[in-house]
Amino acid sequence: AKFTWVEKDTCIACGACGATAPDIYDYDDEGLAEVIYEGDNNMGVTEIPEDLFDDLQDAADGCPTDSIKIADTPFN
Ligand code: F3S
């Protein structure tokens, strides 16, 4: 299983992740990224399905500040 979470403290609102993986990431009012998949609300507790693993990895690889975290277990 895969889970993801955005560390907003280091996100610089570059906008890459939402373009790469729009089903997983969107932006808050300040342009900072957050996990929106299935209403996760950036808690990192919603399992990301396998068909989105490529998007997930591409987003993490493309983030210039390494703010996208991925783990095999829930973050909270
Ligand atoms: Fe922020 Fe990285 Fe996305 S800087 S907007 S989390 S690609």
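Please label the shape of region 15-69 as rounded, prolate or oblate, based on the square roots a ≥ b ≥ c of the eigenvalues of the alpha-carbon gyration tensor (a/c under 1.5 means rounded; beyond that, a/b larger than b/c means prolate, else oblate).
Verdict is oblate for region 15-69.
So if each residue of separation counts as 0.36 nm, and I subtract the Cα-Cα distance between E50 and E7, what length gain in nm does that give?
13.2 nm
Hey, what did the chain get for relative contact order, percent, Cα under 8 Å, at least 6 apart?
Working: 142 pairs, mean separation 34.8, N = 76.
About 46 percent, as a whole number.
Starting from the Cα gyration tensor of region 6-46, take the square roots of the eigenvalues, sort them a ≥ b ≥ c, and report rounded, prolate or oblate (rounded when a/c is under 1.5, otherwise prolate if a/b is larger than b/c, else oblate).
Since a/c reaches 1.5 but b/c is at least a/b, the shape of region 6-46 is classed as oblate.
For a label point 7 Å from the Cα of C14 along Cα→C-beta, name the residues of region 20-62 whose backbone N is under 15 Å from it.
Inside the label zone: 20-21, 32-34, 57-62.
Counting heavy atoms of the protein chains only and a 1.4 Å probe, report the per residue accessible area for the chain as a whole number of Å².
Averaged over the residues of the chain, the accessible area is 57 Å².
The values are calculated or read from the model by the stated rules, or taken from the named source; none is laboratory data. Values in this document were obtained by computation on a predicted structure and should not be read as measured data. Methodologically, a virtual Cβ is constructed for each residue, glycine included, from the backbone with ideal geometry; neighbour enumeration extends over all protein chains shown. In case anyone asks, the SASA skips ligands and DNA or RNA and just uses the protein heavy atoms, side chains included. Shrake-Rupley method; radii C 1.70, N 1.55, O 1.52, S 1.80 Å.
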